[in-house]
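This report refers to the structure that appears directly beneath it.
Bear in mind that the values in this text are calculations on the coordinates, not laboratory data. Keep in mind that what you see is a predicted model, and the values were worked out from it rather than measured. For neighbour counting, all protein chains shown are included, and Cβ atoms are generated from backbone atoms with ideal geometry for every residue, glycine included.
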Amino acid sequence: MATVTKNIMIMEHPMIFVRIATMNDIKYADEIAQEIEASAILRGSGISQRTPASIGEKMRADKAVVAVTATGEWVGFAYLEVWEAGAFVSNSGLIVAPRFRNAGVAKAIKERIFKMSRRLYPDAKVFSITSGTAVMKMNSRLGFQPVGFEEITQDDAFWTGCKSCVNYDILQGKKKCNCLCTAMLFDPQTAVLSPEHSVVLTETGYKSQLVSNNY
């Protein structure tokens with residue numbers, strides 16, 4: 001039987017560490033970029049591409065979370081970015097290596113990047129745009145609500161990042177009012193938090209030992 005604590009779940013599968021990325025993790029950037037591209041092709045849905053250089057930049061700036069095994073195998077990734085002088089923070093790029101999917105890793109990464117965003121920018125509105133049902137459910141658990149695109153950042157640099165998405169023509173055609181992705185927003189002034197949002201790692205059903213470091 002698994003032993004459960006707030007930050008650790010022990011089972012027979014490899015231990016997975018979910019932590020803030022460092023410069024030492026830039027070695028995973030190529031693999032992360034390749035997996036994001038492969039996932040977009042496999043799903044046939046809109047996912048903006050990320051270059052290894054841009055992923056490495058997030059790691060250098062302490063704006064990313066990685067999941068790795070005890071033996072150094074890359075497991076997952078996500079990052080945050082700040083817009084409009086801290087008025088908005090985006091949580092983006094969530095990806096998990098195929099063999100570690102359906103093991104609770106994405107939830108752990110999602111919670112960690114969200115907590116990191118809230119700690120660093122407590123007054124900012126945190127948003128995510130996605131076409132994935134699983135990510136929408138994770139966002140909802142953390143207090144995000146679906147909103148129109150007009151309620152998230154209007155910074156041109158953010159929307160430029162959508163150019164690598166296969167659905168960019170749709171976005172342009174609708175003048176950035178909407179697209180196939182759903183925008184979801186956590187507003188610290190109005191959000192109603194799910195009671196379990198801070199204990200994602202205690203959920204049953206994890207197939208790996210997950211360790212979320214408290215830094």
- Packing-wise, with mean Cβ within 10 Å as the measure, how do 33-40, 65-72 rank, highest first? 65-72, 33-40
- Using the structure shown, list the pairs from 107/137; 63/137; 27/107 with a Cα-Cα distance above 21 Å, or answer none. 63/137; 27/107
